[in-house]
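Below is one structure; the comments refer to it alone.
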Amino acid sequence: MALQIYISGKYYDKENAKISVYDHGLLYGDGVFEGMRSYSGKVFRLEEHLDRLWDSAKAIWLQIPISKQEMGTVVNKTLEINGIRDGYIRLIVTRGAGSLGLDPNRTSDPQVICITDHIALYPPEFYEKGLEIITASTIRNHSAALSPRIKSLNYLNNIMAKIEGLQAGCVEALMLNAKGEVAECTGDNIFLVKKGKLMTPSLDSGILDGITRGAVLDIAREAGIEVAEMALTKHDVYIADEVFLTGSAAEIIPVVKVDSRPIGDGTVGPITLKLTKRFHQITRE
Ligand code: PMP
């Protein structure tokens, strides 16, 4: 059976899952989304993802046409229909089809889309050996222009930085904020370890409030590791003992080189390994 995609109350075979070319999600990136994972049939931190989706929608004045509870049911049912217990879920809410002008008041029928699939963002050796990344020259969206806390369908800011990374032979790129502080990577949050202390940019640095970031902070606190959410500079990254990235798709992935500088001794560090082990226990238990 073909993969079944949910669109606004109905299921379609993958090749027939289509929406209008007049949808403002396509025309203007006008919409919001979530990416999450299911482990052994249970969606990791589903409520948090739904809360963030609703917060993103609220920020752009988008009324999601179903309730949070119904959305949770859609997610679980779509996984079930496709027989996916360990996989990735993409939830999308578009503004709906409208005129060729920007005006969201002239759109109707926001579309709710749920895709469940398998995902392997990076090959296993990237997790074992760690990534090399560069700092992109593209600055993360200024919070006062388009808050990075909104997970919107407009990812061009991140895509510009991603292209810079790819052109330099790197699968991820570090983005700074308009003040020159470390913000996040194009699709992941960033963590540093220095002298046993775990540090990550605070929400004020202009980042997505990552669900995996939150889980890692919880795990670290439970393990008695000192943690700080703070402003960080590129210098802090260069002199860190360990660096890793977090995201629902990527999970926890080590970084061993930034802008050609080896991080620590250039191998995956002990705190990264400890947190990863615990993260796998929690998600796969
Ligand atoms: N930052 C950005 C820009 C993202 O797109 C994502 C999600 N891929 C993250 C951070 C990580 O967030 P989460 O852990 O909630 O997936």
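The values are calculated or read from the model by the stated rules, or taken from the named source; none is laboratory data. What you see is a predicted model, and the numbers here were worked out from it, not measured in a lab. We place every Cβ from the backbone using ideal geometry, glycine too, and count neighbours over all the protein chains shown. Keep in mind that these areas ignore ligands, DNA and RNA; they rest on the heavy atoms of the full protein, side chains included. Shrake-Rupley method; radii C 1.70, N 1.55, O 1.52, S 1.80 Å.
Assorted remarks:
- DSSP beta bridge pairing in region 119-225, given as percent antiparallel to the nearest 5: 75
- Annotation for region 49-104: trypsin sites (Lys or Arg not before Pro) lying in DSSP loop with at most 16 further Cβ atoms inside 10 Å of their Cβ are Arg85.
- Surface accessible to a 1.4 Å probe, per residue, for the residues of region 31-173, Å²: 52
- Prolate/oblate/rounded call for region 21-61, Cα gyration tensor, a/c under 1.5 rounded: oblate
- At most 15 other Cβ within 10 Å, DSSP loop - chymotrypsin sites (Phe, Trp or Tyr not before Pro), region 26-67: Trp61
- By accessible area with a 1.4 Å probe, ligands and nucleic acids excluded, highest first: order of Arg37, Arg45, Arg106, Arg221: Arg106, Arg221, Arg45, Arg37
- Rounded if a/c under 1.5, otherwise prolate or oblate - region 172-265, Cα gyration tensor axes: rounded
- Of all accessible heavy-atom area on the chain, the percent that carbon and sulfur account for (1.4 Å): 53
- Lys, Arg +1 and Asp, Glu -1 on Cβ, resulting dipole of the chain about Cα centre, debye, nearest 20: 140
- Region 189-285 - accessible surface per residue (Å², probe 1.4 Å): 41
- D_trans [Stokes-Einstein, Kirkwood Rh over alpha-carbon pairs] for region 57-112, 4 °C, 1.567 mPa s, µm² s⁻¹: 99
- Couplings for region 42-54, taken from phi via the Karplus curve 6.51 cos²θ - 1.76 cosθ + 1.60 with θ = phi - 60°, read 10, 6, 6, 6, 4, 4, 5, 5, 5, 4, 5, 4, 5 Hz in order; Gly and Pro are left as x.
- DSSP-loop GluC sites (Glu not before Pro) across region 48-127, with at most 14 other Cβ within 10 angstrom: none
- Neighbours of Leu174, meaning other residues whose beta-carbon lies under 9 angstrom from its beta-carbon, give a summed charge of -2 when Lys and Arg score +1 and Asp and Glu score -1.
- Pairs of Cα atoms farther than 18 Å apart, region 226-271, %: 32
- Residue-by-residue Karplus 3J(HN,Hα) for region 27-35, coefficients 6.51, -1.76, 1.60, Hz, glycine and proline x: 5, 10, x, 8, x, 9, 8, 9, x
- Rounded to 10°, Cα long-axis angle of helix 270-284 versus longest principal axis of the chain: 30
- Between 0 and 90 degrees, the angle of helix 156-167 with respect to the longest Cα principal axis of the chain falls at about 50 degrees.
- Accessible area ranking (1.4 Å probe, heavy atoms, ligands and nucleic acids excluded), largest first, for Ser56, Ser40, Ser99, Ser137: Ser137, Ser40, Ser99, Ser56.
- Computed FRET value (nearest 0.05) for Lys274 with Ala145, which takes r as the C-beta separation and R₀ as 30 Å: 0.20
- Extension gain from Tyr22 to Leu203, taking 0.36 nm per residue of separation minus the Cα-Cα distance: 61.7 nm
- Global form of the chain, assessed from the alpha-carbon gyration tensor, a/c cut-off 1.5: prolate
- Residue ranking by accessible heavy-atom surface, 1.4 Å probe, largest first, among Thr267, Thr116 comes out as Thr267, Thr116.
- Using the Karplus relation 6.51 cos²θ - 1.76 cosθ + 1.60 with θ = phi - 60°, the per-residue 3J(HN,Hα) values for region 196-212 come to x, 9, 9, 10, 8, x, 6, 4, 4, 6, x, 9, 6, 6, x, 6, 5 Hz, with x marking Gly and Pro.
- If the segment from Glu222 to Arg85 were pulled out straight at 0.36 nm per residue, it would be longer than the present Cα-Cα gap by 46.5 nm.
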